[in-house]
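Notes to accompany the following structure.
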Amino acid sequence: MSFRHCFQHSLLLIGALALGPIAGCGDDEEQDTTAEGGEGTSGGENGDGRTGELERPPGSRDADSQDPGWDGDTAGGNTGTGETAGTGTGTGTGEEPSPWGATQAEQCRPPNRRDMNSSAQRAFDAGVRAASSGNTAEATSSFQRALSEDSNAFKAAYNLGVLADRAGNANRAMEFYRQALRIQSDYEAAAEGIVTIHLRRGSVPDALSFVEPLARVHRTNLHLQALYAEVLVRAERFDAAWTAARAALHCDERFVPALTAVVKASLRQGRMELARSVLDQALSIDDNNAELHFIKGTLLRDEPGRLREAMTELQRAVTLRPDYVDARMALGIQLLSGGNYTDALQHFQSAAQLAPALVAVHLNLGDGYRATKQWTKAKASFEKALSMESQLPQAHFNMGLMYLSAGENFPGLDDLTSLQAAKQEFTRYRNEMGSRLRRDDPSQGYLEDIDRQVERIERRRERDARNAARDAERAARAAEQGGGEE
């Protein structure tokens with residue numbers, strides 16, 4: 001969604017350097033067998049590969065905030081004009097009648113936000129610093145302290161949700177996000193967190209049933225309108241998505257989250273020229289928007305001869321938001337397919353730290369370890385993915401490649417047993433794929449090659465055994481003859 005990453009939300013690191021959100025593998029073999037994050041994910045990923053990450057919620061802004069920061073300033077929010085959303089652009093006077101019976105100014109007034117008291121703010125800031133340095137335990141303690149100091153500290157509740165989500169506890173994360181919404185009923189970051197978890201679980205209806213009433217009640221919150229539009233896109237209710245996006249753009253025609261929703265709706269509808277046009281318009285408003293660069297990178301990646309430009313866009317997205325899991329995985333996949341295994345692995349490792357609950361992350365990480373010949377770690381990553389989703393054909397395919405590549409170098413195996421293990425994995429892959437298996441699936445070629453190698457090894461072993469037996473027999477005769485002469 002305008003979801004900042006594959007893993008979305010991030011801690012509201014007010015006053016901290018943006019670590020970036022996670023919005024949200026290629027293979028060095030003949031087939032692209034690993035999984036990317038985001039909507040194109042394969043290998044068992046359910047929809048959005050997002051979870052709470054250390055990032056500024058995309059487009060989130062406090063009504064009166066002017067200082068750059070994680071949660072809600074114009075730097076991260078992108079109303080697109082440098083003014084509050086309530087000013088509107090190109091929509092007439094402030095007293096123009098609105099469809100809902102309010103004046104234009106009332107219709108477009110940004111939401112109010114509660115402030116934390118000073119003691120809660122100090123605890124919150126300490127939590128942000130701890131989270132930024134990777135000290136999750138201290139960050140959790142500080143955010144809990146902020147809530148105890150001020151029961152209205154909705155941002156602390158949200159950040160606790162982010163930490164829980166990143167630790168793989170989505171149910172606990174949902175509780176914290178709901179707590180933040182009970183305090184601040186239109187808090188878009190918490191709403192996005194809940195929507196993201198529903199989408200990650202593959203439940204678009206649950207995401208829609210949650211966000212729809214919220215968007216209808218809080219019509220002046222442009223971020224909620226954009227979020228609603230994105231969920232409608234996922235539900236393939238395109239007319240309604242356009243209506244929701246236009247509601248936000250009616251107040252501010254340069255509102256980037258709504259423009260992003262328009263881009264996604266256009267892409268889903270196959271209106272590529274329009275999608276590219278609006279994408280360029282949005283980037284001209286906010287060239288520091290990581291999600292826009294990610295979308296542009298994925299579009300360029302599919303155009304012949306533009307892979308270098310695509311890589312630049314994906315790298316830009318990661319640079320802007322280091323915890324953008326989708327972008328890291330997409331970049332890592334391209335690096336892996338290009339033979340830059342070390343850099344690819346680093347991106348996959350970062351993604352695994354940020355999004356340990358995503359199956360696709362562990363598939364890609366396993367491929368990174370396989371490419372760098374870290375066989376035991378590769379196997380552990382694939383098995384981790386299978387522990388999260390037992391019916392996962394891609395994991396078996398990738399393990400087949402792993403055993404085939406490692407051969408006798410796989411710890412505890414010789415060349416024959418490694419080939420036998422590879423054959424078992426490829427066979428398991430084909431069985432689980434069933435009717436989905438393409439006629440030209442490369443697994444058949446691998447199995448045929450394995451059978452030829454096994455046959456050669458067995459013939460060689462039989463020949464070696466015969467030679468060894470003959471040599472032993474000759475040695476025995478020689479020993480007998482030597483003993484007789486004495």
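The single residue among Leu160, Leu199 that is open to solvent by less than 40 Å² (accessible area, probe 1.4 Å), in contact with an Asp or Glu (Cβ under 6 Å, 6 or more places away or on another chain) and not small (Gly, Ala, Ser) turns out to be Leu199.
Checking the stated criteria, Arg430 turns out to be in contact with a helix residue (DSSP H, G or I) (Cβ under 9 Å, 6 or more places away or on another chain), at pLDDT 95 or above and assigned to a helix (DSSP H, G or I). A single entry from Ala123, Ala75, Ala139, Ala167 fulfils the requirement of being within 29 Å of the chain's Cα centre (by Cα), modelled with pLDDT of 95 or more and of a type in the set (A, V, I, L, M): Ala139.
Taking region 348-395 as the range and being assigned to a loop (DSSP other than H, G, I, E, B) and either over 18 Å from Leu336 (Cα atoms) or modelled with pLDDT under 95 (or both) as the test, the residues that pass are Ala355, Pro356, Ala357, Leu358, Glu389, Ser390, Gln391, Leu392. How about region 380-400: which of its residues are within 17 Å of Leu437 (Cα to Cα), crowded, with 18+ Cβ neighbours inside 10 Å and of a type outside the set (Phe, Trp, Tyr)? Within region 380-400, Leu392, Pro393, Gln394, Ala395, His396, Asn398, Gly400 qualify.
Okay, residues lined up against (1) closer than 30 Å to Leu358 by Cα; (2) in contact with a Phe, Trp or Tyr (Cβ under 7 Å, 6 or more places away or on another chain):
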residue	(1), (2)
Phe410	yes, yes
Arg436	yes, no
Leu447	yes, yes
Asp451	no, no
Glu458	no, no
Ala479	no, no
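Given the criteria over 30 Å from Leu299 (Cβ atoms), out of contact with any Lys or Arg (no Cβ under 7 Å at 6 or more places or on another chain), at pLDDT 95 or above and buried (at least 17 other Cβ atoms within 10 Å of the Cβ), does Ala422 qualify? Against the criterion (over 30 Å from Leu299 (Cβ atoms), out of contact with any Lys or Arg (no Cβ under 7 Å at 6 or more places or on another chain), at pLDDT 95 or above and buried (at least 17 other Cβ atoms within 10 Å of the Cβ)), Ala422 qualifies.
Every condition in (1) at positive phi; (2) open to solvent by less than 30 Å² (accessible area, probe 1.4 Å); (3) in a loop (DSSP other than H, G, I, E, B) is met by Gly407 except one, and the failing one is (3). Would you kindly identify the helices (runs of 4 or more DSSP H) lying entirely within region 232-347 that contain at least 1 residues that are under 30 Å from Cys108 (Cα atoms) and open to solvent by 10 Å² or more (accessible area, probe 1.4 Å)? Result: 238-251, 256-268, 272-285, 290-301, 307-320. The residues listed here are Asn117, Asn169, Asn135; of these, the one that is in contact with a helix residue (DSSP H, G or I) (Cβ under 8 Å, 6 or more places away or on another chain) and open to solvent by 10 Å² or more (accessible area, probe 1.4 Å) is Asn117.
Leu358 falls short on exactly one of the conditions (1) more than 20 Å from Leu163 (Cβ to Cβ); (2) out of contact with any strand residue (DSSP E or B) (no Cβ under 8 Å at 6 or more places or on another chain); (3) crowded, with 24+ Cβ neighbours inside 10 Å, and that condition is (1).
Taken residue by residue, region 434-445 has no member that is in contact with a Leu (Cβ under 7 Å, 6 or more places away or on another chain) and open to solvent by less than 50 Å² (accessible area, probe 1.4 Å).
The values are calculated or read from the model by the stated rules, or taken from the named source; none is laboratory data. These numbers were taken from a predicted model, which means no experiment stands behind them. Quick reminder, even Gly has a Cβ in these numbers, built from the backbone with ideal geometry, and neighbours come from all protein chains shown. Areas reflect the complete protein model, heavy atoms only, side chains present, ligands, DNA and RNA absent. Shrake-Rupley method; radii C 1.70, N 1.55, O 1.52, S 1.80 Å.
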